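For reference, the structure is listed below as structure tokens.
The values are calculated or read from the model by the stated rules, or taken from the named source; none is laboratory data. In this text the structure is predicted, and so the values were computed from the model without any measurement. Virtual Cβ from ideal backbone geometry, glycine too; neighbours counted across all protein chains shown. SASA here: full protein model, heavy atoms, side chains in, ligands and nucleic acids out. Shrake-Rupley method; radii C 1.70, N 1.55, O 1.52, S 1.80 Å.
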Amino acid sequence: MRAILHVDMDAFYASVEQNDRPELRGKPLIVGGDSRRGVAAAASYEARQYGVRSAMPTREALQRCPHLIIVPPRMERYRQVSEIVFGVFREYTPLVEGLSLDEAFLDVTASQALFGTAPVIAQRIKAQIRERTGLTASVGIAHNKLLAKIASDLDKPNGLHHIQLTQVTQTLDPLPVSRLPGVGPKTWARLDSAGIRTFGDLRLAPDCVLSPLFGRHASRMRDRASGLDERPVQPEVIEQHISVEETYDTDLTAPEQLRTELARLSDRVGARLRGKSFEGGTVSIKVRRGDFSTYTRSRSFEPPTADTGAILSIAQILLERWHAEYPGSSVRLLGVGIGALVPATQLDLFAPAASTPPVGLMLPDPSRAAARLDPTLDEIRARFGESAVRRASNLDRAAKNDGFSDLRRR
Ligand SMILES: [Mg+2]
């Protein structure tokens, strides 16, 4: 039988801030944009007592807790701490599947011969994370990923919960279906309308109830409610998607503004992709209008790329098509993402051009010259900060939009 841990740092960004800045300890805070249009990226446990949650608009969070402290995010610092935490994981097993900066599955089946039983390993990992970072983590233990993930949430914060094979049904049955990973509000509503509120309800629901709701996925839903999951821990998939997005204080309306922002976001996505030595085969954009309706568009291509110019040209095509569908829209949030990630092919800066342009798309400039330039810009950026380097095309457009840079929030 496999032994899987799901380790999840408690209120990660908020806890890092409280740990780094003692004056914030014991205080309700969120990490996020301080503008009235921002969103909470994380909420401290003190803030959660007021009903403040991550992903909640800052404005609403402030209504619930007027003395809430808003701390601007420091992603670099969170990445640093994350590396320490993942370093602890890798001391116990090479089979680490990161889900985000603060969350991972660990397959410790074989590690038990060396380090002790899975609960012993979990205790040691928690203690070492605490020692090296000052932070607490919650750990779920089970024989599969689904149950481990559910378990890590049961005793949060600083939790340790082991779901044994013999306890699966009694542990899961009373839980609300909202605890089932991957089930969103739309599905809850459908389940609720069918009178299904708990895992037990779902596990015991007959086909005639589930089939109309989920079609061919009905039996899979029932399996999950029963705690069945065969997915292996996949260590090579470090990230499946990299994206950046920005919410603007003032809605963007001019096409030129949108293009400038798209170039900036594509550049950031490309830099992160190259920083992690990945290439991606799907580019996506996310657009939220002034009326909060949100759209995503994506497009896949071959071969995968990490080139900013290629990412931008696809993002531009997607945005132009979206804009044609919704002419005159004002945009409050814009995002660019890249998925279908694969490890980057070794890029030799001095090798002759040897790549073929992506199939099925006419890219304005897929030349290797651009690919050679990108890593150079990344290095300068790493040394002197992101603002040190702007692509000329970015600068041109920014210059044309006088004062536009004031609209940005970082
Ligand atoms: Mg977490």
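Overview of values
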{"read-out": "Failed criterion for V88 (all others in (1) within 16 Å of the ligand (Cβ to nearest atom); (2) open to solvent by 20 Å² or more (accessible area, probe 1.4 Å) hold)", "value": "(2)"}
{"read-out": "Test: residue in the range 70-79 that is within 15 Å of the ligand (Cβ to nearest atom), crowded, with 19+ Cβ neighbours inside 10 Å and assigned to a helix (DSSP H, G or I)", "value": "yes"}
{"read-out": "Residue match in the range 300-323 (condition: more than 25 Å from T253 (Cβ to Cβ), small (G, A, S) and either part of a loop (DSSP other than H, G, I, E, B) or not assigned by TED's automatic domain parsing to the domain that holds A263 (or both))", "value": "yes"}
{"read-out": "All positions within the range 124-150 that are open to solvent by 30 Å² or more (accessible area, probe 1.4 Å) and either aromatic (F, W, Y) or closer than 18 Å to N19 by Cβ (or both)", "value": "A127, Q128, R130, E131, R132, G134, T136"}
{"read-out": "Residue within the range 185-199 that is over 30 Å from P57 (Cβ atoms), in contact with a Ser or Thr (Cβ under 7 Å, 6 or more places away or on another chain) and either among the basic types (K, R) or open to solvent by 50 Å² or more (accessible area, probe 1.4 Å) (or both) present", "value": "no"}
{"read-out": "Restricting the range 104-123 to residues that are open to solvent by less than 30 Å² (accessible area, probe 1.4 Å) and not hydrophobic (A, V, I, L, M, F, W, C), the residue that is nearest to R74 (Cα to Cα)", "value": "D107"}
{"read-out": "Failed criterion for L213 (all others in (1) open to solvent by less than 70 Å² (accessible area, probe 1.4 Å); (2) not charged (D, E, K, R); (3) not in a helix (DSSP H, G or I) hold)", "value": "(3)"}
{"read-out": "Checklist (1) outside any helix (DSSP H, G or I); (2) without any contact (Cβ under 8 Å) to a residue 24 or more places away in the chain; (3) away from the ligand (no atom under 16 Å from the Cβ); (4) not hydrophobic (A, V, I, L, M, F, W, C) applied to R59, failing item", "value": "(1)"}
{"read-out": "Cβ-Cβ under 9 Å pairs, at least 6 apart or on other chains, the range 62-91 side within 30 Å of D107 (Cα to Cα) and modelled with pLDDT under 90, far side hydroxyl-bearing (S, T, Y) and open to solvent by less than 60 Å² (accessible area, probe 1.4 Å)", "value": "M75/Y13"}
{"read-out": "So A218, is it touching an Asp or Glu at 6+ places or on another chain (Cβ under 8 Å), on the phi < 0 side of the Ramachandran plot and at pLDDT below 90", "value": "yes"}
{"read-out": "Residue pairs meeting the criteria (Cβ under 8 Å; at least 6 apart or on separate chains; first polar (S, T, N, Q), in the range 205-216; second part of a helix (DSSP H, G or I))", "value": "S211/A218"}
{"read-out": "Qualifying positions in the range 21-56 - among the aromatic types (F, W, Y) and either in contact (Cβ under 8 Å) with a residue 40 or more places away in the chain or within 24 Å of R332 (Cα to Cα) (or both)", "value": "Y45"}
{"read-out": "Wholly within the range 1-49, strands (runs of 3 or more DSSP E) carrying at least 3 residues that are at pLDDT 95 or above and within 11 Å of the ligand (Cβ to nearest atom)", "value": "4-9"}
{"read-out": "Hey, R64 open to solvent by 20 Å² or more (accessible area, probe 1.4 Å), touching a Gly at 6+ places or on another chain (Cβ under 9 Å) and more than 16 Å from the ligand (Cβ to nearest atom) or not", "value": "yes"}
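Let's see how each residue does on (1) surrounded by 20 or more Cβ atoms within 10 Å (Cβ to Cβ); (2) over 18 Å from the mean Cα position of the chain (by Cα):
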site: L262; (1), (2): yes, yes
site: G280; (1), (2): yes, no
site: S284; (1), (2): yes, no
site: Y295; (1), (2): no, no
site: T305; (1), (2): yes, yes
site: G309; (1), (2): yes, yes
